[in-house]
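Data block below; observations after.
Taken together, the values in this text are just the output of simple stated rules run on the coordinates, not laboratory data. The model shown is predicted, which means the values in this text are computed figures rather than measured ones. Counting neighbours? That spans all protein chains shown, and the Cβs are built from the backbone with ideal geometry, glycine included.
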Amino acid sequence: MSCLTVQDIDDFARTLMPRDGEDRIPLSGSLELTLRCNNRCVHCYCNKGANDTLEKSKELSSREICHLLDEIAESGCLWLLLTGGEPLLREDFETLYTYAKKKGFLITLFTNGTLITPRLADLFQDLPPRSIEITLYGMTDATYERMTRTPGSYKKCRQGIDHIMNRALPLKLKTVVTTVNRHEFVDMKQFVEDLELEFRFDALINSRIDDHGDVASHRIAPEEVLELDLTDTRRGPEFVGFYERASKQQGDPEALFRCGAGVHSFHIDPHGRLMLCNMARTPSYDLRRGSFRDGWHGFLPLLRKGRLKKTNKCVRCDLRWICDQCPGWAQLECGDPEIPVEYLCEVAHLRAAAYGIGARNSSNG
């Protein structure tokens with residue numbers, strides 16, 4: 001009798017995804033173990049200093065996190081993302097990871113890779129995650145460290161990748177494309193493909209969750225975003241297919257949230273606040289004062305019922321189905337969840353024109 005693969009489990013779990021009118025099951029969740037990071041990346045939306053003692057004092061304790069893991073497992077969560085900041089900065093990371101694995105979660109780990117030691121790699125080999133995702137910021141010391149603003153980080157990242165590769169663990173390499181590393185995009189892509197791994201990239205950088213740092217100044221132009229899209233032959237069919245499926249559903253045009261956040265997924269920050277996703281951070285539910293069950297079944301559904309109070313061009317635009325506009329992004333960028341982010345609008349229109357996706361009222365005006 002053959003063993004079930006991760007893909008088998010993923011396929012089965014997707015059949016459990018709730019639909020309109022059905023019971024909501026929190027199948028997928030993300031847990032930020034910390035907002036602190038050993039890098040100081042120019043583009044990052046949530047990196048606090050690695051030695052920020054005030055921030056560290058606000059973080060959930062090991063006991064609190066394990067209790068949360070018990071609660072979300074009991075509620076039906078299968079896929080769990082451990083992220084940060086840099087989650088490996090937690091002194092209790094090994095304890096938390098082991099506990100989560102033994103609860104049966106299909107774990108994805110987001111990390112910059114610089115803190116992966118042989119000891120940690122051995123732990124991952126003994127208790128394999130569903131996936132380890134490491135972000136590359138460049139293919140030279142100079143570019144990588146202009147992004148991270150941390151001397152020696154490029155060498156440590158490459159060492160971390162080697163530790164994972166040497167143990168044949170499930171690894172994904174990706175990059176975020178900015179004005180700083182755009183010129184090394186081809187080299188990064190070639191490096192990943194030479195390792196026979198799938199290369200993923202994203203050039204849409206959202207604003208910080210605080211007011212520190214001008215992240216938007218590092219965005220490449222919308223036209224450059226399209227140029228990168230066109231280097232990946234999979235993206236066109238994916239955009240077209242997604243548009244065709246989503247446009248047929250014709251969801252409520254007056255609904256504030258049109259995504260699946262809070263329907264079958266959730267996000268928990270390092271301070272124990274439950275929210276719809278990592279960008280829609282306010283309002284939130286304090287899990288230190290209430291249970292996950294109450295937050296999931298009581299608080300998040302109320303947020304999902306939010307209605308648009310203003311008239312904007314997005315309501316009338318068919319391209320909303322392939323546009324990255326969302327209330328969380330708008331709140332971070334504009335201070336208002338209903339104000340469209342013009343950068344995202346420009347990208348969506350360029351993609352629509354390039355891939356032949358029709359739209360009514362699709363002008364930028």
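Label-to-label distance, Glu346 versus Gln190, with points set 7 angstrom from Cα along the beta-carbon direction: 3.0 nm.
Relative contact order of the range 88-235: what whole-number percent is it, with Cα pairs under 8 angstrom and at least 6 residues apart? It would help to have the intermediate numbers written out before the result.
Values: 184 pairs, mean separation 29.1, N = 148.
Dividing the mean separation by the residue count of the range 88-235 yields 20 percent.
Here the contact order of the chain, divided by its residue count and restricted to Cα pairs under 8 Å and six or more residues apart, works out to 16 percent.
Which shape class, rounded, prolate or oblate, goes with the chain when its Cα gyration tensor gives a ≥ b ≥ c as root eigenvalues, a/c under 1.5 marks rounded, and past that a/b bigger than b/c marks prolate?
On the way: a/c = 1.42, a/b = 1.12, b/c = 1.26.
Rounded shape, in that the Cα axes give a/c under 1.5.
Only one residue of Phe266, Thr148, Ile132 has its Cα farthest out toward the positive end of the dipole of the chain, where Lys and Arg carry +1 and Asp and Glu -1 on Cβ, and that residue is Phe266.
How big is the dipole moment of the chain about its Cα centre under a simple scheme where the beta carbon of each Lys and Arg is +1, that of each Asp and Glu is -1, and everything else is neutral? Debye, nearest 20, please. My answer is approximately 640 debye.
Might you report the magnitude of the Cβ-based charge dipole of the range 213-283 about its Cα centre, with Lys and Arg at +1 and Asp and Glu at -1, to the nearest 20 debye?
Numbers: 8 positive and 11 negative charges, 76 e Å.
Here the size comes out at about 360 debye.
When a/c reaches 1.5 or more, the comparison of a/b and b/c decides; with that in mind, is the range 18-78 rounded, prolate or oblate per its Cα gyration tensor?
Oblate.
For the cross-link pairs Lys101/Lys305; Lys56/Lys103; Lys101/Lys172; Lys56/Lys172, the ones whose C-alpha atoms lie over 22 Å apart are Lys101/Lys305; Lys56/Lys103; Lys56/Lys172.
Taking a ≥ b ≥ c as the square roots of the eigenvalues of the Cα gyration tensor, an a/c ratio of 1.5 or more together with a/b no larger than b/c marks the range 188-274 as oblate. A Cβ-based charge dipole, computed about the Cα centre of the range 151-290 with Lys and Arg at +1 and Asp and Glu at -1, lands at about 640 debye. Using C-alpha pairs under 8 Å with a sequence gap of at least 6, the mean separation divided by the residue count of the range 50-143 gives a relative contact order of 27 percent.
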